[in-house]
Each structure stands twice: as C-alpha cells, then as structure tokens.
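Colleague: What follows is a single structure, and I will ask about it in a moment.
The values are calculated or read from the model by the stated rules, or taken from the named source; none is laboratory data. Since we're looking at a predicted model, the values are computed, not measured. Cβ sites come from the backbone with ideal geometry, for glycine too, and all protein chains shown count toward neighbours. Accessible surface is based on the protein model in full, side chains and every heavy atom, while ligands, DNA and RNA are left aside. Shrake-Rupley method; radii C 1.70, N 1.55, O 1.52, S 1.80 Å.
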Amino acid sequence: MSRTAELGTQLTALASCPPEQYCLLSDTNRVLRLSVQYSKLRRNPGGNWRGETRTDDIATTAEHILMHQALGISLDTDRDAFISWLYSVQNLDGSWGINPGDHDKLSVTAEVYLALRILGVSRKDPQMRTSQSFILAAGGIANVCFITRIHLAMFGFYPWNAVQRLLPEFIFLPQHFLGSICCWPATSRTALVPLLILYHHRPIFPLPSQECPASALLNELWCKPQEPQEKAFCGALPTRTCRDIATASTSTDLIVHFLNSLKCVFPLRRYALDRSVGFVLETVREMVGTGHRSRPLHMAMLALKLEGYPVHSHPLRSGLDYLGHFVYEDENGKRVLSGNTTFRDSSLMIMGLGDAGIADDTPWFRKSLQWLQHCLLPDGNSDTSKTFDTRIFRVDNVAAAIYAVIRQDPLMVGSAFVSNALRWLLKRQNADGGWTSICCSDYRTSPDTLARQSTPDVTGHVLEAFGLVLTLSRRTEKLARQGILIDHVASACQRAINYLSLIQQPSGAWFGCCIRHHIYATSAVLRGLAYFIGVKDRNRWAERDDSIHDDVCQAIHWLQRVRNPDGGWGDISWRERGGKSTASQTALALLALLPYLSPMESVLRKGVEYLVQTQTKTLVGGATWPEDQSTRAGSSACTYITSAYNSHCFPMMAIGRYAQALRQYECGGEPIFSGRAENVQ
C-alpha cells in the first residue's frame, strides 16, 4: 500500500489535532493526489521528465538561427514558428531581453533583429520598426557587446577590424597566468575557445538574399551610417555592456579585453589552432553525451566547419542532432532552450513523488527510478572510476540524483555506482571546503587546476546527500565496513560546515548567485545542516553539534522575517526585498524550516495553506502550480536552474514532508529544535 493511501487511512488517528490542522491534512492529501496525477501525465515515455527552461532562451534562439544560416542549412520549415515565438516575447518598446519580460537589452535586441532579417522579415514590418527605434535610441549597434559584434561580423554587418582581437596562441598561456583558459569559468571556456578559431578565419558567411550589400543590410541600425564603421569602436569596453547582456557575456568581454592588452604572441599559429580544435572536439563529445547547455555548441559547430569539417561529418552531425533536443514548441511558436534539465528535473520529480507517498514498487515510478540510476552508470566499456570524468555534469545535479536514488532505495547506498559518484564529489571539493556547480572535465588539465569559486547552494546540496549517506551508514553494517570512504565523506562534511559558517551573512541568510536566489541558497544549506545538528535515533536527537546551532537559528529567523503577509515567500534580492509570493519560493522556505520546527507552528501551516490555495487544475489532468513570474538567473553560470517543473516539484516535496511531519508529531516525534523558534536567541 502506498504511503499516500496509508496517510488517508490514518486521518482518524489525528482526531486529537486542532480542527484546522485536521482539515489542512485532508487538503494536503487531496493536493498530493492531484500532483501525482499531473506528474504521471507529464512523464516522457522513457521514464524521465523535461521541463522548459526560462533563462536565456531568446538569445539562444537567435544564435541558433544565425548558426544554421552560416552552415547553409535551411530553416524554411520552421521559419514561421520561430518568427511567431520571437514576436510573442517582444517588449512593447521593441526590445528583447535575456528572458521574456526583461527590458533594455541592446545586444540581445540586435541579435534577434538580425535573426528575423535572415528569416526574411521586412524592415518595414511594424514590430521591426519599433525594434529599430529602440536600437537607435540606445546608441545603435556600435554599442553592442563583444559577442554580438562577432555575430554581426560573421555576416559582414560589422567590420572584423572593429572587433577586439582574439589570438589562438592564448590557449598556450600557463595555467597560473592570469587570463589562462584554465582560469576561465567553464561556461566561458567552452564558448571562447571556438571564438579563437573564428577570429583567425574572420569569415563572412553568405546571406539568404543578396538584394543589397551586406554592409548596408543593417544600415538602419547605425546612428551615423555615413561614418566608417571601424571608427565606431573606440577600443575600450562598451559602457553599456553590463546592462546589455548576461553576466557570462560580460565576463567574456572582460577576459577578452585583458588578453587583447598582452603584447607577447607566440608564433605557433597552426599548433594553436590544432589544440583549439582538439578542445572543441572534446567539448562537442562531452556535451552531446550529457551536456546541459546548448549555446556553446553553436560556436563550436562554426569553428569545426571553418577548420574543414563538412556538415555531414560525425562531429557536426552529432552536434546538430543533439541541438535538436533543445527545440521546444507550443502554441506560441518554436524556440531553442538554453539548457537541458532532464537529469535534474527527473531527480526532483522522483524526490517529490517519494514525498507524496508513491510506493517504490509502482511500475511506472520504478521505471523512472531505473532511468535515473542508469544515468549514473558508466558508459559501455569505460572504466567505472572515470564515469563522471567523461561527461559534463553539474555537481549539484549529481548530488540531487544520489539523494533521490538512495532515499527511495536505501540499499543502493552501498552500490558501486553510488560509491563512484561519492568519490567524484569528494574529488571536486574546493580548498575552502565548498563546492561549485560547473565542474567539467578537461582533456588537457586536471580538474584540480581549474579555478573554481564555491557557492553555498551547491555546497548545501552536496551536504544533504552526504548527510543521508552518513545517516544510512550508521544503520547499515555493510556500508559501515566501507570505513575509508565514509571517513572521507565525514571529513568533507566538516570542512563544508566550516565554509558555510564563515560565509553566512549577518542577516542569517546565505546569498545565492547573481545577487538573488537567497531563499534557494538558504534552503539548500538548512536542509544539509539538518543531518549534522543532531543524529536522530528512535525519535530522539543526540550528539548535537552546537557549533552550528547559532547559524541555523539565525537562518530560521531570517526566513520568518522575509515571509510575505499572505503566508508565502517571494524571490529575495541582495537588498533583501522580497517579491510577490510564488509556489517555488514558498516551498523552498518550507523545506528549509520543516526539519527544525514543529508542524503545529503557524509559519508552516500558513505556508502550506498558501500552496494548497494556489494549486491549479490543468486541462490535461491533475493539478500544478503555474508561475507567470519567472525566477530568472542572471547569467549562464548561475547555479539556480530555472525549469518549468520547479514550481511543481518543490511544492510537492514540501507538502508531502509536511504531511509526514504531522504523522510523526502525532506519534511523539520531535523536530531538531524541541523549543519554539521564537524563543531561540
């Protein structure tokens, strides 16, 4: 019998609860049934889930169109669908932003304008005229960022002499030298190395129509079209760069600006190009495997073509086929998603369904769990110890997958592939004790040589997975005998706790990336620390770690302080100004508080009531929590992944755990803090 059905049979056992609590438990049971129904209907035939990403899709779609034109691949069959979607997300002032609803993004607007012109849209179209007015008011295309200059130059719309120089020899810079590719963020590294090849060739790809010279095709976007375009570039960084494009492109501008200032260039051009091509081929191979981002592949395809690889060659064909998995179509049209969240969405959905009470032996659920386990298995004939080194994985995604697998099947904690995943995570712990999300393998350097910056949210996710492993190890003799690995995990956890204690903000929160997502980061940390502030044994908490007691108390008070009057939580910026309540942020706050507070606390009850009231039934069946207000990431390297399933999985997990907490409370169980949160100083 599933735990959901069991919960229904035990409602009578909770008659001693206050009436409002009894009604709320009945409502949560109904909400969980509808959520499970929706999840089952949205499940792909292979057993996984894939939600639509909500970050950077506009620029990604524009670059996808430019790439196909450069490769000579027709998009006639998809032309109207692409145009329809791009028009649907255009702002009233004619601009396009990083995400739908964002404003004042000159570079993205210029790229989309070019993509639409390539698709055959006339400049006299009313929406194109509005866009043209916005671009001119922002200073014209002379003010676009470095990446957009490259895209314009590829088709002759911008002179290559006016683009900052990129030298392939930069790939030889020593790893300890500032500006070395080993010091670049992983996302910038995979995007910039193909640009070294592109700048060497300085191509001008043909346009679909030769009705006028390329240099005059976008003449309407220059504020002074009669002025030589080379003079429009002053050699310094555009003053609007930081506002024009995401942080990833901004960091690209800064890196290129620094490298351009170097005077010493090694006369090894052909060797440098060969090495760059090797890097690009390795990137394509990795990303086609399990890569989660599409944008780096666009430039990689063009770089390989310029180096002599035909479109029908295996690297280009496999890359183009894999890019097809990012294409998403609905009633608004067709676009290309910036990320592939299948691995992450499936992990979160499995956790949510487990919290909702789905039995492990349910056939369709078991198939999904097996799919996730298969993703952690080594490729065909590859060595198990190199499973993760041959793929591009996010550290937080691997931690979430481990947590989902062993939480549903604790016996898997002693399996070879889970042990392999734990060793992979241990290897990627930074010197400060934390973890960062992007840890790609590198065919030339050891991952230990790459510059990485720890983040509290990723560290919290790993700590949560490690905490569950350590908890199970105390109950499983077989795992306890794996003493060396368990000792390493425990030692890594202690270093991570020290790191988190040092970077906690005076307010009590842990700040997320991109000056926002603080509830997400704080929630991840509190869920991880819950395994270490005490060890639960038969409804009693012992071996309390008082060193983190104060940190947890401050974080709990901060979450209570930023709650909205409606009982929910909204996205918190770096100034701690909360936005409108959303289901995903409310659920994340509840997940953080549930291990520490009694389920009878009003802050939990009102938060769950908010989720119950905002669940919406769908036409396809079941119910979910739609979010019109997207919680957006500020850069491609952001550790918070925006997926359409965030607003479904997190509430399902929170409500399911709240219902379990009520059952445990009735049986005499206590949260980690037996005292009320208001009394914790």
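Colleague: Go through Lys427/Lys606; Lys334/Lys617; Lys305/Lys367; Lys40/Lys105 and tell me which ones have a Cα-Cα distance over 30 Å in this structure.
Modeller: On the way: Lys427/Lys606 42 Å; Lys334/Lys617 25 Å; Lys305/Lys367 40 Å; Lys40/Lys105 39 Å.
Beyond 30 Å between Cα atoms: Lys427/Lys606; Lys305/Lys367; Lys40/Lys105.
Colleague: Accessible area, 1.4 Å probe, largest first: how do Lys305, Lys617 sort?
Modeller: Values: Lys305 70, Lys617 155 Å².
Result of the area sort, largest leading: Lys617, Lys305.
Colleague: Moving to a separate point now. Which distance in Å, rounded to a whole number, links the C-alpha centroids of region 581-620 and region 298-368?
Modeller: That distance is 30 Å.
Colleague: Moving on to the next point. Provide the per residue accessible area, probe 1.4 Å, for region 29-104, rounded to a whole number of square angstrom.
Modeller: Value returned for region 29-104: 37 Å² of accessible area per residue.
Colleague: Here is a follow-up. I'd like the accessible area for His64, computed on protein heavy atoms only with a 1.4 Å probe and all protein chains in place. Round to 10 Å², please.
Modeller: Estimated to the nearest 10 Å², His64 gives 10 Å².
Colleague: With each label point set 7 Å from Cα along the Cα-Cβ vector, what nm distance links Thr362 and Ser88?
Modeller: 3.1 nm
Colleague: Hey, another quick one. Kirkwood Rh, region 67-142, all Cα pairs: how many Å?
Modeller: Numbers: mean 1/r = 0.0786 Å⁻¹.
In region 67-142 this quantity evaluates to 12.7 Å.
Colleague: Rank these by accessible area, largest first, 1.4 Å probe: Tyr403, Tyr531. Don't skip to the answer; put the middle values down first.
Modeller: On the way: Tyr403 10, Tyr531 50 Å².
Descending accessible area places them as Tyr531, Tyr403.
Colleague: Considering the dipole of region 58-163 built from charges on the beta carbon (Lys and Arg +1, Asp and Glu -1) around the Cα centre, which of Asn143, Ala115, Gln90 is farthest to its positive end?
Modeller: Of the listed residues, the answer is Asn143.
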